[in-house]
Amino acid sequence: MLPKADSNDPTMPDHEQLLLAVARNRDSTAFRALFDHFAPRIKAYMRRLGADSSAAEELVQDVMMAVWLRADRFDPALASASTWIYTIARNRRIDRVRQERRPELQPDDLMSEGGEEPTPDHQFEAAETAFRLRAVIGNLPPEQADVLRLAYYEDKVHAEISAERGIPLGTVKTRLRLALVRLRRAFGEGA
Amino acid sequence: MTVPAHHPAPELLLDYAAGSLREVQSLLVAAHLAYCPDCRAQVAELEACGGVLLADLPPEPVSDTLFGTLMTRLGETAAPSSPVAAPAGRSVFPGPLRRAIGAEPEALEWVRVVPGVHLSAWAVSAGTASACLLRMASGARVPAHRHTDSEMLLVMKGGFSDEFGAYRVGDVASYETHTPHHAVADADGECLCLLVQDRPLVFTGPLGWLLNRGFRF
Ligand SMILES: [Zn+2]
């Protein structure tokens, strides 16, 4: 059921493999496995961002439908499975909950000549970077992790985080920038 | 074309990747990304961060019937047609802005602010933020104004300078609240910018009283 061509690659992580199976073979067993893993996490994400339980499940359906229908656009060199699914969930929430359009960059929008995009060293680099990134996030000082999570989970821009927590805007910016520097290191190590 | 030298603040890239940035500011960030490989890489990293945070959320069980309902819906849904190809020919606007405006500069209506300086009648707003286009003839001078909130300019054609620096195509100039600045378009051609601001501005120059009446700028 899983694509044979890649099964000899020991570095290939599960979820990426499952998504490729959905893309190539419309593999519903692989899709079920992805659903079992991601649906409860997408629900948790939507709940954190203010959706009630039934609205969150509606959004889970929307996101997982998009995963099935657009799996052929997933590229494991560019994004891990959870990153790719995260961007779909983020955009669906903006569409449906905030009722705004999400201005997105599309692949043929680049204004500079030539594809100067760095090419990843190998097919599953994105998933390996995610392992390093997880460690970096886990080791952030609590106040930096806090402002980061608020940005992702509470629909707060940094100015709102400042107002809500009673922390000066400059302090919020400093914490975010320190967190971003640490996050960047996780990517630098791969280069 | 060279790589941009002036970028949106890192927090804006984070807010954009996290999905908390509102539509108007997101338009400027997405438009800058069309020019800037560095910021594209940073946004990709921040999205990877979102992916890790999503994967690490404590799961909330979904209804037993959800998968079945989903598969029924999928059975009734045709595969999406491949995305419509972008219209042929080069636009002066980066893709995200081209899709938001739906016309080229020549087809837009413009309102003169002072000689050589025009604002587009096209504008979008959401909450306290709004965006429109700013066009400066070569060498034109934008009247001094101070801000009651932040302002950002993305250069899409030509260039301009002010007391903080020189800005070329793809660059983002950011001004904090209460920062007076005097933009002058480069002498070698027209300058076209996307202007995003968060509150009406207050003009300080001799023409200020007039501009404050007639124009939000
Ligand atoms: Zn940039």
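Every number in this text was worked out from the coordinates using simple rules, so none of it is lab data. These numbers were taken from a predicted model, which means no experiment stands behind them. Virtual Cβ from ideal backbone geometry, glycine too; neighbours counted across all protein chains shown.
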Options A:R26, A:R41, A:R48, A:R32: the member that is among the basic types (K, R) and at positive phi: A:R26
Going by what's in this entry, would A:E104 be described as within 7 Å of chain B (Cβ to nearest Cβ) and either over 20 Å from A:A130 (Cβ atoms) or touching a residue at least 60 places away in the same chain (Cβ under 8 Å) (or both)? yes
Run down A:R177, A:R149, A:R182 and say which single residue is of a type in the set (K, R), assigned to a helix (DSSP H, G or I) and in contact (Cβ under 8 Å) with a residue 40 or more places away in the chain. A:R182
Where residues in region B:4-21 are over 24 Å from B:G159 (Cβ atoms) and within 7 Å of chain A (Cβ to nearest Cβ), which of them is nearest to the chain's Cα centre (by Cα)? B:L21
Please specify each residue of region A:64-113 satisfying the condition of being more than 16 Å from A:A23 (Cβ to Cβ) and aliphatic (A, V, I, L, M). A:A89, A:I94, A:V97, A:L105, A:L110, A:M111
Going through region B:14-63 one residue at a time, which ones are of a type in the set (G, A, S) and away from the ligand (no atom under 12 Å from the Cβ)? B:A17, B:A18, B:G19, B:S20, B:S26, B:A44, B:A48, B:G50, B:G51, B:A55, B:S63
Taking region A:69-84 and keeping residues facing another protein chain (nearest Cβ under 7 Å), part of a helix (DSSP H, G or I) and surrounded by 21 or more Cβ atoms within 10 Å (Cβ to Cβ) leaves A:S82, A:T83
In region B:153-177, which residue that is farther than 16 Å from B:V3 by Cβ and within 14 Å of chain A (Cβ to nearest Cβ) is farthest from the ligand (Cβ to nearest atom)? B:T177
